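The values are calculated or read from the model by the stated rules, or taken from the named source; none is laboratory data. For clarity, every value in this text was computed on a predicted model and none was experimentally measured. As a convention, Cβ positions derive from the backbone with ideal geometry for all residues, glycine included, and neighbour counts pool all protein chains shown. Note: accessible area is taken over every heavy atom of the protein model, side chains too, but ligands, DNA and RNA are not part of it. Shrake-Rupley method; radii C 1.70, N 1.55, O 1.52, S 1.80 Å.
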Amino acid sequence: MNMKRAKQTKFVSNESGPSNLFENEWLNRLTRTHIAIPVSMFFIYAAGLLYYAKIATDLSNLAIIGLFFAGTFVFTFVEYAMHRWLYHPPEDASEKYQEFTYTIHGHHHAYPKDKQRLAMPPLLAFAIGTVLLVSLKLILDQYSFAFLAGFMVGYAMYLLVHYSVHMFKMPNNFLKALWINHSIHHYADDDEVLYGVSSPLWDYVFGTVPKKKSMKGVEVRQKVS
């Protein structure tokens, strides 16, 4: 069942410098980060989890590898689901909820090249990583460490793809499709498509790939500053 989506704040600027999300400068600083910080955190966290899975569980190497890739795969679905059903609210969503989604995502649509807000702030990333570990440990027990390691690597790869798509020139290789898909999501007239960033898999599964990938208006808006 397709629900009409509330429109995010329209594209405002492609300036790469920081934009203000809050009136308070300290709050603004807490929402900004260099891409290398959360990416490094997730890779280091994942390495530690894999090491712990090896020395503190009785899982075989094959099981650890399988759980790792299962975590990475599950992340691709979580990425899609959050982007589609959490970050883009339906039209009948409450004003408070729409304000919330603007803070966590709509502002990014308004200022898509604000490079300091293309990744989760470190404090929030640490908190979410901790909550995930505790939650998964309760559910999966010894299987949680390798699984979460894969999930974290999936998240780190998503951040790298997302940052690259917004900040770097589109490549002439197999990754080109990721640039095109996310550009259509941000700049085309219909932004209710192509929610997958690191992978288009779930867009095909749930039918959010447009029948014709129109680049109408995309090139112009990408170059606006």
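Structure notes:
- Kirkwood radius and radius of gyration were both taken over the C-alpha atoms of the chain, and their ratio Rg/Rh is 0.98.
- FRET efficiency, ALA47 to ASN173 (Cβ-Cβ, R0 22 Å, nearest 0.05): 0.20
- Built amide H within the under 5 Å cut-off of SER198, gap 5+: none
- Angle of helix 61-81 to the longest C-alpha principal axis of the chain, folded into 0 to 90 degrees and rounded to 10: 20°.
- Rg to Rh, two decimals, where segment 18-91 supplies the alpha carbon set and Rh follows Kirkwood: 1.14
- Among the protein heavy atoms, those of ASP58 account for about 130 Å² of accessible surface (1.4 Å probe, every chain in place).
- Along its first, second and third principal axes, ordered by size, segment 61-148 spans 46, 30, 21 Å in Cα coordinates.
- With contacts taken as Cα pairs under 8 Å and at least 6 residues apart, the chain reaches a relative contact order of 32 percent.
- Shown here are the Rg and Dmax of the Cα trace of segment 89-206, at 16.4, 47 Å.
- Calculated FRET value between ALA56 and MET82, using beta carbons and R₀ = 30 Å, to 0.05: 0.50
- With all protein chains kept in place, the per residue accessible area of the chain amounts to 56 square angstrom at a probe of 1.4 angstrom.
- Helix 144-167 axis, angle to the chain major axis (alpha carbon atoms, nearest 10°): 30
- Nearest-ten-degree value, helix 122-140 long axis tilted from longest Cα axis of the chain: 50
- Only Lys, Arg (+1) and Asp, Glu (-1) charged, at Cβ; the chain dipole about Cα centre in debye: 580
- Carbon + sulfur, % of accessible area of the chain - ligands and nucleic acids excluded, 1.4 Å: 65
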